[in-house]
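Contents: one structure, followed by commentary.
The values are calculated or read from the model by the stated rules, or taken from the named source; none is laboratory data. Because the structure is predicted, anything quoted here is derived from the model rather than measured. Cβ: placed from backbone, ideal geometry, glycine included. Neighbour counts: every protein chain shown. What goes into the accessible areas is simple: the full protein's heavy atoms, side chains included, and nothing from ligands, DNA or RNA. Shrake-Rupley method; radii C 1.70, N 1.55, O 1.52, S 1.80 Å.
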Amino acid sequence: MALALVDGTSARVWQRAAPRTTDEILAVWRKVADGLAAAHRAGIVHRDLKPDNVFIAGDGRVVLGDFGLASMAADGSTTLTATGQIVGTPLYMPLEQLRGGGATPRSDQFALCVCLWEALATERPFTGATMAALVEAMRERPALPRRRRALFAVLARGLDPDPARRWPDVDALGAALDRAARRARRARRAALGSTVLIAA
């Protein structure tokens, strides 16, 4: 077996290394979304998406890695281990996985939304000192922060406790993020234009 050597760092370390703009953060995680969507089209569910499993190479490539827990199933869903043990990282798992259900592309979507929410807000959407508290917090969509509300609204849908109410797939999520980002950029340009006019 041969493994690619990525000369770079994880998305978590990259995020903390310097102040990152919204556009920089979105650029990284949109590439992750594209990679995840490609895996799903091949029938692969990652099952352990988190910032530590995303790598930023020195040449700027974004690499979705660590498919050690990934599973492949014709129907797009996977079970847990033969013993029923939960696999993956609970802080990034949806309710259906924490309750012992199978992993699906929509559970990967949930993990992606947790990752991007954490990158934009510098905190995860759900918190709890214990697993029970975390599960309780996840029974509802998270409250939207005041800043970047359009982007967080897109992510909140992907974090719905009911998988059927999330985005149909990661491609749909990515398209919605792109639309929200374009609206935000137009709003920033308009605000900047107004500020320049007033100054003049």
## Note on the structure
Length gained, D23-E123, 0.36 nm per residue minus C-alpha separation, equals 34.2 nm
### Task
Step through the residues of the range 139-148 one at a time and calculate ³J(HN,Hα) from phi using the Karplus curve (6.51 cos²θ - 1.76 cosθ + 1.60, θ = phi - 60°), rounding each to whole Hz and writing x for Gly and Pro.
6, 10, 5, x, 5, 7, x, 6, 8, 6
### Cα extents of the chain along the three principal axes, largest first (Å)
69, 41, 32
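Determine the dipole magnitude for the chain: charges of +1 sit on the beta-carbon of Lys and Arg, -1 on that of Asp and Glu, nothing else is charged, the reference point is the Cα centre, and the result goes in debye to the nearest 20. List each step's numbers first, then the result.
Values: 28 positive and 20 negative charges, 217 e Å.
The dipole magnitude comes to about 1040 debye.
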### Stretch in the chain that is longest and holds no trypsin sites (Lys or Arg not before Pro) that DSSP places in a loop and that have at most 15 other beta carbons within 10 Å
1-60
### Longest site-free stretch - the chain; sites: GluC sites (Glu not before Pro), DSSP loop, at most 15 other Cβ within 10 Å
1-122
### Summary
Largest fluctuation, A18, A164, A57 only, Gaussian network model of the chain with Cα springs under 10 angstrom, belongs to A18
### Mean accessible surface per residue for the chain, computed with a 1.4 Å probe while every protein chain stays in place, in Å²
53 Å²
### Query
Comparing W117, W167, W14, which has the greatest mean-square fluctuation in the GNM of the chain with Cα pairs linked when under 10 Å apart?
W14
